[in-house]
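Let me begin by presenting the structure, written as structure tokens, before commenting on it.
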Amino acid sequence: MAGGAATAGHSQAAARRLALAGKGGWAGLVHNRRIFAIAVFASLGGLLYGYNQGVFSSVLTMYTFDQRMASAVNDPGTKGWLVSILELGAWFGVLNTGYICDRLSRKWTIFSAVFVFCIGVIVQTCAYQPSSIYGGRFVTGMGVGALSMAVPLYNAELAPPEVRGSLVALQQLAITFGIMISFWIDYGTNYIGGTGSTQSEAAWRLPLALQLVPALILGAGILFMPYSPRWLISVGRDDEALAVLSHARRLAADHELVQIEFLEIRAQVIFEKEISQEMFPQYQAGTFHDDLLLGLHSYWSLVANPVFLRRTAVGCITMFFQQWTGVNAILYYAPSIFGALGLTGNTVQLLATGVVGIVMWLATIPAVIWVDDLGRKPVLISGAFLMGACHIIIAILTARFQSDWGAHGAAGWAACALVWVFAMGFGYSWGPCAWIIVAEVYPLSIRGKGMSIAASSNWMNNFIVGQVTPTMMTNITYGTFLFFGIFSLLGGFYIWFFVPETKGLTLEEIDEAFGDTSGTAIKDQEHQAVIAKRIGLEALIEGRGSNEFSDQEKKMNIEHV
């Protein structure tokens, strides 16, 4: 009974904060210019990630790049490594980012990642041998992997709760926007000196070098940004955290809204520390050795604990199927694929590739607006079946007409159009929604670690897809599309039968959906509520008197509970 009362008090605090905060979502971003600046800053990380994903696909087909790197480009195996080694670096980078973020702070982790990223870009831009491309892309990947985790984490912790969803949406839009502009920049630079033997090497060096522009802006901008208030509280710098929240909100430090947000963050930090002490009391000395063992055992618990295992499996398998839809095979090798589908001329192939970026970006816009109304499962399942159908029809067309595309131009253009439909299908479904569902299936006590494992699964499968695609396109041709089509369909069936719908579910319902009879999520909530009462958050709300709550606040409180 006491736990229920504490939980209600904690819910009242959340309702009061939401009432004081004013507008949320996109309107909240526009209304609060400092928060909007944070959102724009967040989009730089997404833009950099997306641009890096898309830029190399068209570079691979440029005449001067082929002449310079022929020993690597002309062999399917080495060509796969040329592309996928970046994902291997990103996988390594993302695995180390959590610990570095906690040690150095989110802010300095981002700066360090930008520095590493820029070194890799410079090495690639100045490359004269394939070995420099390999090394440069691995180093760049380490930076990309670190940024893909650290930038969203930093911005989510700095922004107030009512606009965090919009930050996620803006981040996804920025990624697809980065993919789109990379394709069109490649299309434009392909003309430097001509498209054949007269082409200048600037045609491929320039688009690679342009990655430095958003990276340097991000690296310079982070120096003028505050530390994450959550990190400040975690290292005992509470006064600085309060000052950061006050500045971001443009309110006095003793304002009720600032105090509620400060105490909520403090409660969260205390909760995580107490969970760690409860689960692993033997590794709390704070030494490097204990921190290392604490991290290893914390991650191992995601597999060893049956309660956590199914949730961990959902996160990793969802990311597995996201990559095995073949989306990054399309992004990395689009010009080559369009060539295989009968489009002649490198310029035409690059032009068709540019359309991929446009339709994917446009399809993402309605997804981030309406996903909360439609639910996660319908969006993911429909996207999987649409992508699977596109792959399978392309495979049929390729099997029938690949021996003489010239005599079957309509079939070739139909196959190309299906690639664009595929990009649209991914843009509205598995692009944004896979990350949303992964974030929602974990209880609070393991959410951070669960998300990092899912992210590493994403990058590792990304690496494998990039590695095997050239060999598959060479050896099994149309079978490549059939393969990815089958996996797209399997991904849809997996979501249908094994992943619960998380839209609108209460914590009890999420626990029940995963067969968690111990009620992990509810225990987490009650534990948080006890901490909130202990540190004075509940007293702050009760001090106003229950009669001071507006009808709107009461309604939000009922909905929250």
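Kirkwood hydrodynamic radius computed over segment 317-401 comes to 14.6 Å, based on all pairs of distinct alpha carbons. If you wrap the tightest convex hull around every Cα atom of segment 365-432 and split its volume per residue, you get 69 Å³.
In terms of accessible area, using a 1.4 Å probe and ignoring ligands and nucleic acids, 198, 469, 125 rank largest first as 198, 125, 469. When Rg and the Kirkwood radius Rh are both evaluated on Cα atoms of segment 305-504, their ratio Rg/Rh stands at 1.01. Taking segment 402-534 on its own, what percent of its Cα-Cα pair distances exceed 24 Å? Everything past 24 Å amounts to 50 percent. Applying Stokes-Einstein at 25 °C and 0.890 mPa s to the Kirkwood radius of segment 73-202, computed over alpha-carbon pairs, gives a translational diffusion coefficient of 148 µm² s⁻¹.
Ignoring any ligand, DNA or RNA, what whole percent of the accessible area of the chain comes from carbon and sulfur when the probe is 1.4 angstrom? After summing per-atom areas, the C and S share lands at 67 percent. Across segment 50-141, Cα-Cα distances exceeding 21 Å account for 34% of all pairs. Electrostatic tally near residue 450: other residues with Cβ closer than 12 Å to its Cβ, Lys and Arg +1, Asp and Glu -1, net +3. Near residue 250: Cβ cut-off under 10 Å, other residues only, Lys/Arg at +1 and Asp/Glu at -1. The net charge is +3.
For residue 194, the residues whose modelled amide H falls within less than 5 Å of its own, excluding neighbours fewer than 5 places apart on the same chain, are 200. Across the chain, the mean sequence separation of Cα contacts (distance under 8 Å, 6 or more residues apart), normalised by length, yields a relative contact order of 23 percent. Could you tell me which of the pairs 273/503; 503/523; 273/449; 377/523; 107/449; 503/533 are separated by over 24 angstrom between their Cα atoms in the structure shown? 273/503; 377/523; 503/533, as the Cα separations exceed 24 Å there. Across segment 321-329, rounded Karplus estimates of 3J(HN,Hα) from the backbone phi angles (6.51 cos²θ - 1.76 cosθ + 1.60, θ = phi - 60°) give 5, 4, 6, 7, 5, x, 4, 7, 5 Hz, Gly and Pro being marked x. Per residue, the solvent-accessible area of the chain (1.4 Å probe, heavy atoms of protein chains only, all protein chains present) comes to 40 Å². Quick one: work out Rg over Rh on the C-alpha atoms of segment 281-327, Rh as Kirkwood radius. That ratio is 1.21, to two decimals. Dividing the convex hull volume of the alpha carbon atoms of the chain by its residue count gives 144 Å³ per residue. Below 12 angstrom from the Cβ of residue 279, what's the summed charge of the other residues (Lys, Arg +1; Asp, Glu -1)? Computed value for this residue: -1.
The values are calculated or read from the model by the stated rules, or taken from the named source; none is laboratory data. Since we're looking at a predicted model, the values are computed, not measured. Neighbour counts run over all protein chains shown; Cβ positions are idealised from the backbone, glycine included. Ligands, DNA and RNA are stripped out before the accessible areas are found, and what is left, the full protein with its side chains, is counted by its heavy atoms. Shrake-Rupley method; radii C 1.70, N 1.55, O 1.52, S 1.80 Å.
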